Amino acid sequence: MQKNYLILFLLITFFSCKKASAPPPPEINSFLKQVITPDDRKTITAEEAKTYHVNDTYQYKYRTGNSGQYEYNYDVKGINIDGDSVFGNINVEGKYGAGILLGDTIPDIEIKTEWVSYGKLNATDLNGNKYQLIVK
């Protein structure tokens, strides 16, 4: 009889206890966007201005943000798949970024970028055209 009560107690305990769901992770208040857009390079917000930094030793024009979350601005040049020269300006956070390319015979082109090695990036425009870029 005692065994039956013990089994009943364990069953009730097992089914009545709900697994507590973990609270969502705290949201970090950051002025940096999760995804860089071409328009990011046009303006510097008041928050970004607080951490605006220029260093002539490095290739970036300027950077904003805090350690581990820097957003860098670069002038770039390169070629498209047809070998035409392009140049422009991008913002990058981590491995990925976005910006605008210009050319002698092309209109402004919005691009997404990805680092491939030191000073070299691959870019793709909204139409899927590919570009090979280097930091100026």
Checklist outcome for this item: Amide H neighbours of T51 at under 5 Å, excluding residues fewer than 5 places away on the same chain, with H built from the backbone geometry, are G65
Next on the checklist: Between I79 and N55, how high is the FRET efficiency from 1/(1 + (r/R0)^6) when r is the Cβ-Cβ distance and R₀ = 35 Å? Nearest 0.05.
Outcome noted: 0.80
Checklist outcome for this item: Here the gain from full extension of E114 to K95, 0.36 nm per residue of separation minus their alpha-carbon distance, amounts to 6.3 nm
Next on the checklist: Calculate the FRET efficiency for I134 and N66 from the Cβ-Cβ distance with a Förster distance of 41 Å, rounded to the nearest 0.05.
Outcome noted: 0.90
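Values quoted throughout were computed directly from the atomic coordinates according to the rules given, and no laboratory measurement underlies them. As the structure is a computational prediction, the values presented were derived from the model and not from experiment. All Cβ positions, even for glycine, are placed from backbone atoms using ideal geometry, and neighbour counts span all protein chains on display.
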